[in-house]
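Asks: Shown below is the structure under consideration.
The values are calculated or read from the model by the stated rules, or taken from the named source; none is laboratory data. Because the structure is a prediction, the values reported are computed rather than measured. Virtual Cβ from ideal backbone geometry, glycine too; neighbours counted across all protein chains shown.
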Amino acid sequence: MAIHRSKVSTFGGGFGGPTEVTSGGNALKFYASVRLNIRRIGLVKKGEEVGGQETLLHSFIRKQMIKFFSFVLQIFSQMYSRAFQVLVKIVKNKHAPPFKTAQFELEFGKGISRDSEIIELGCKHKFIAKAGGAFYNMNGQSFRGKDAIKRYFTQNEGAREELMVKLREKLMLPGRRLDEETETTDPELLQEVVTSDATDEDIVAAVEA
């Protein structure tokens, strides 16, 4: 298995068509089994809440000197970030259905944040109540920001496992119902009906029985 990483380039000529092309020609597009388009779509601040001094500084820069210090503002934002918001789109896939997307947090020095995914799924399926921009309520306790819930999960492994069990039951329940509906047919009756030497009268009698 070979993994090739390349950057996309902006194509400025022509009318219509794609504005971004993959560097390296068309050979990589044709011979690759799986192609993933990975983009950074945002930054995750420490604690999800910006402090008072940082808010004033950002406001002052945006209003007064945004034309001169845009690069400095970008560097300043990255200094106070702990993760990236990443969007992945499956452009090509020969092993499974393509064109699916996934969004997750990529923490610096750790990788994909599994706790953030659990928290988002918990909010989606009403196991965690979210109020406002960064206030969460779970098991009768209130938390400010995802970092507080992550620290709670680190100190209480049982709470994380309990939430994961609830999510598994919630997400896998439709599949179980489908399996139960497909297994309602009696296999012995099916084998008795579908035989090579059975006549129409025998099939009707077997069904009525």
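Asks: Only one of these conditions is not met by Phe99: (1) within 30 Å of Ala32 (Cβ to Cβ); (2) touching a residue at least 12 places away in the same chain (Cβ under 8 Å). Which number is it?
Replies: (2)
Asks: Among (1) of a type in the set (A, V, I, L, M, F, W, C); (2) in contact with a Ser or Thr (Cβ under 7 Å, 6 or more places away or on another chain); (3) modelled with pLDDT of 90 or more, which single condition is Ile90 missing?
Replies: (2) is the only condition that Ile90 fails.
Asks: Which ones in region 104-136 are surrounded by fewer than 14 Cβ atoms within 10 Å (Cβ to Cβ), at negative phi and out of contact with any Lys or Arg (no Cβ under 8 Å at 6 or more places or on another chain)?
Replies: Lys110, Ile112, Lys124, Ala129, Ala131, Gly133
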